[in-house]
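**Student:** There's a structure below that I have some questions on.
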Amino acid sequence: MTRFLALIALLMAIPVAAQNALPASPYAHQQLEDPVQEEKARSLMEELRCLKCQSQSIADSDAPMAGDMRSQVRERIAAGATPEEVRSWLIERYGDWVTYNPPVNAVTGPLWIAPIVLLIVATWLARGLFRRRKRDQKDVS
Amino acid sequence: MNRWLLWVPLVLFGIFFAVVAAGLIRPKDNIIESKMIGKPIPEFALPAAIEQRPALSRADLATGKPQLLNIFASWCVPCIAEAPQLLELERAGVQINGIASRDTPADIANFLNRWGNPYVRIGTDVRSIVQLELGSSGVPETFVIDGNGVIVHQHVGDIRKDDVPKLLKILEEAR
């Protein structure tokens, strides 16, 4: 039974495997020759979202399309583009969705502002509390 | 301290609970819409995927007449499901251009022999370059392009029976 199921699973996997019938893009699995450029490309790839497997970065993903994206990122950076130029090239096509480092705008604004507001409120509350405690201590002594 | 302040934590928890519950109940939406809708098709030129059909470039998509651009692959199961609908659109007189994603000529020819060939032109995109240019995130996807080569609509996923009249209407409006 297990073998039969394994066979079925294997047969089902054939169409999926077929997208790998082609060789990967030149820089999908190969680093750039220049270590400085490779470092730039690598840190950008970790912040770009894979389109097929939506919870992974393209640096983590084994999807063929993520490989194609990695190659595009490396080739563009090798050609002299800055990481931010490559990022905005993708945002232009897929929206902010594609980057794990979203820009500040009306929608993402609260996410950035909320921690600061909370910190201010917490400081204010703590101050009140400490003052009261000091006063209490004075009363006791 | 005011009495009503006591209720603030509960209210905050209620809001938090509602947000989480809404996120759990709402069906998962994985569709990433292209931001290229309303913009002209980017410059590209793809070689022919099979011998029987010519290659595809940007110039072929701005001919004064609305057209469809369908991204497909022989390894894609939903592409088989939408094949009859593409043939139906072809019979309705729609010009359909194909982009074969990450595919080999032999596999493409095999796929088209089996499920029908509705395409006037087929370009082969072995490295997903044009797909990335279009803001497409998978196969199958279909773009409606107006006569000036501007993308007016994107259909993500396979074209079902009831999508055909919708697409015909959008093509008509793009005229």
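**Student:** Looking at B:Leu5, B:Leu46, B:Leu12, which one is touching a Gly at 6+ places or on another chain (Cβ under 6 Å) and of a type outside the set (Gly, Ala, Ser)?
**Tutor:** Selected residue: B:Leu46, the only one of B:Leu5, B:Leu46, B:Leu12 that is touching a Gly at 6+ places or on another chain (Cβ under 6 Å) and of a type outside the set (Gly, Ala, Ser).
**Student:** Of everything in region B:87-107, what is away from every other protein chain (no Cβ under 14 Å) and either in contact with a Cys (Cβ under 9 Å, 6 or more places away or on another chain) or assigned to a loop (DSSP other than H, G, I, E, B) (or both)? Give them in sequence order.
**Tutor:** If the condition is that a residue be away from every other protein chain (no Cβ under 14 Å) and either in contact with a Cys (Cβ under 9 Å, 6 or more places away or on another chain) or assigned to a loop (DSSP other than H, G, I, E, B) (or both), then B:Ala92, B:Gly93, B:Val94, B:Gln95 are the ones that fit.
**Student:** Sticking with this one: Go through region A:31-46 residue by residue and tally those that are touching a residue at least 40 places away in the same chain (Cβ under 8 Å), exposed (fewer than 13 other Cβ atoms within 10 Å of the Cβ) and of a type outside the set (Asp, Glu).
**Tutor:** Residues that pass the stated criteria total 1.
**Student:** Within region A:102-127, how many residues turn out to be assigned to a helix (DSSP H, G or I) and either under 24 Å from A:Leu48 (Cα atoms) or touching a Gly at 6+ places or on another chain (Cβ under 8 Å) (or both)? Write out each step before concluding.
**Tutor:** In the first step, residues of region A:102-127 are kept if they are assigned to a helix (DSSP H, G or I); the result is A:109-127.
If we keep only those that are either under 24 Å from A:Leu48 (Cα atoms) or touching a Gly at 6+ places or on another chain (Cβ under 8 Å) (or both) as well, we get A:109-113.
Total satisfying the criteria: 5.
**Student:** Quick one: would you say B:Ile37 is more than 18 Å from B:Thr124 (Cα to Cα), aliphatic (A, V, I, L, M), touching a strand residue (DSSP E or B) at 6+ places or on another chain (Cβ under 6 Å) and surrounded by fewer than 21 Cβ atoms within 10 Å (Cβ to Cβ)?
**Tutor:** Considered against the rule, which asks whether it is more than 18 Å from B:Thr124 (Cα to Cα), aliphatic (A, V, I, L, M), touching a strand residue (DSSP E or B) at 6+ places or on another chain (Cβ under 6 Å) and surrounded by fewer than 21 Cβ atoms within 10 Å (Cβ to Cβ), B:Ile37 comes out as yes.
**Student:** Follow-up. Residues to consider are A:Arg87, A:Arg49; find the one that is within 14 Å of chain B (Cβ to nearest Cβ), crowded, with 17+ Cβ neighbours inside 10 Å and modelled with pLDDT of 95 or more.
**Tutor:** Exactly one of A:Arg87, A:Arg49 is within 14 Å of chain B (Cβ to nearest Cβ), crowded, with 17+ Cβ neighbours inside 10 Å and modelled with pLDDT of 95 or more, namely A:Arg87.
**Student:** If I ask for residues that are more than 18 Å from B:Glu133 (Cβ to Cβ) and either among the charged types (D, E, K, R) or assigned to a helix (DSSP H, G or I) (or both), which ones from region A:42-99 would you list?
**Tutor:** A:Arg42, A:Ser43, A:Leu44, A:Met45, A:Glu46, A:Glu47, A:Asp60, A:Asp62, A:Ala78, A:Pro83, A:Glu84, A:Asp96
**Student:** Out of all the residues in region A:90-104, which are farther than 22 Å from B:Asp125 by Cβ and either away from chain B (no Cβ under 14 Å) or of a type in the set (Ser, Thr, Tyr) (or both)?
**Tutor:** The answer is A:Thr99, A:Tyr100, A:Asn101, A:Pro102, A:Val104.
**Student:** I'd like to check something: does region B:161-173 contain any residue that is touching a strand residue (DSSP E or B) at 6+ places or on another chain (Cβ under 6 Å) and within 14 Å of chain A (Cβ to nearest Cβ)?
**Tutor:** So far as region B:161-173 goes, no, none of its residues is touching a strand residue (DSSP E or B) at 6+ places or on another chain (Cβ under 6 Å) and within 14 Å of chain A (Cβ to nearest Cβ).
**Student:** Run down B:Pro66, B:Pro54 and say which single residue is in contact with a strand residue (DSSP E or B) (Cβ under 9 Å, 6 or more places away or on another chain) and more than 29 Å from A:Ile91 (Cα to Cα).
**Tutor:** B:Pro54
**Student:** Mind counting the residues in region A:20-53 that are under 21 Å from A:Glu84 (Cα atoms) and either within 14 Å of the chain's Cα centre (by Cα) or β-branched (Val, Ile, Thr) (or both)? Steps first, please.
**Tutor:** Initially, region A:20-53 is screened for residues under 21 Å from A:Glu84 (Cα atoms), giving A:27-28, A:31-51.
Subset that is either within 14 Å of the chain's Cα centre (by Cα) or β-branched (Val, Ile, Thr) (or both): A:36, A:41-51.
Total meeting the criteria: 12.
**Student:** Could you check region B:17-34 and list, in sequence order, the residues that are polar (S, T, N, Q) and surrounded by 16 or more Cβ atoms within 10 Å (Cβ to Cβ)? Give the steps one after another, and end with the answer.
**Tutor:** Going residue by residue through region B:17-34, those that are polar (S, T, N, Q) are B:30, B:34.
Hit for region B:17-34 is B:Ser34, nothing else.
**Student:** Can you say whether B:Leu68 is outside any loop (DSSP other than H, G, I, E, B), away from chain A (no Cβ under 14 Å) and within 16 Å of B:Gln154 (Cβ to Cβ), as far as the supplied structure shows?
**Tutor:** Against the criterion (outside any loop (DSSP other than H, G, I, E, B), away from chain A (no Cβ under 14 Å) and within 16 Å of B:Gln154 (Cβ to Cβ)), B:Leu68 qualifies.
**Student:** Looking at A:Ile120, A:Ile58, A:Ile113 in this structure, which one is within 28 Å of B:Trp75 (Cβ to Cβ), free of Cβ contacts under 8 Å to residues at least 60 places away in the same chain and surrounded by 10 or more Cβ atoms within 10 Å (Cβ to Cβ)?
**Tutor:** When all the criteria are applied, what remains is A:Ile58.
**Student:** Right, another one. Can you report the number of residues in region A:97-109 which are at pLDDT 90 or above and out of contact with any helix residue (DSSP H, G or I) (no Cβ under 7 Å at 6 or more places or on another chain)?
**Tutor:** Going through region A:97-109 one residue at a time, the tally reaches 1.
**Student:** In region B:117-137, how many residues are at the interface with chain A (Cβ under 9 Å from one of its Cβ atoms) and surrounded by fewer than 21 Cβ atoms within 10 Å (Cβ to Cβ)?
**Tutor:** 3
**Student:** Hydrophobic (A, V, I, L, M, F, W, C) and closer than 17 Å to B:Lys39 by Cα: does that describe B:Leu87?
**Tutor:** no
**Student:** Residues of region B:71-86 being under 15 Å from the mean Cα position of the chain (by Cα) and part of a loop (DSSP other than H, G, I, E, B), which ones?
**Tutor:** B:Ala73, B:Cys76
The values are calculated or read from the model by the stated rules, or taken from the named source; none is laboratory data. Here the structure is a predicted model, which means the values were calculated and not measured. When we count neighbours, we look across all protein chains shown, and the Cβ atoms used for this are built from the backbone with ideal geometry, even at glycine.
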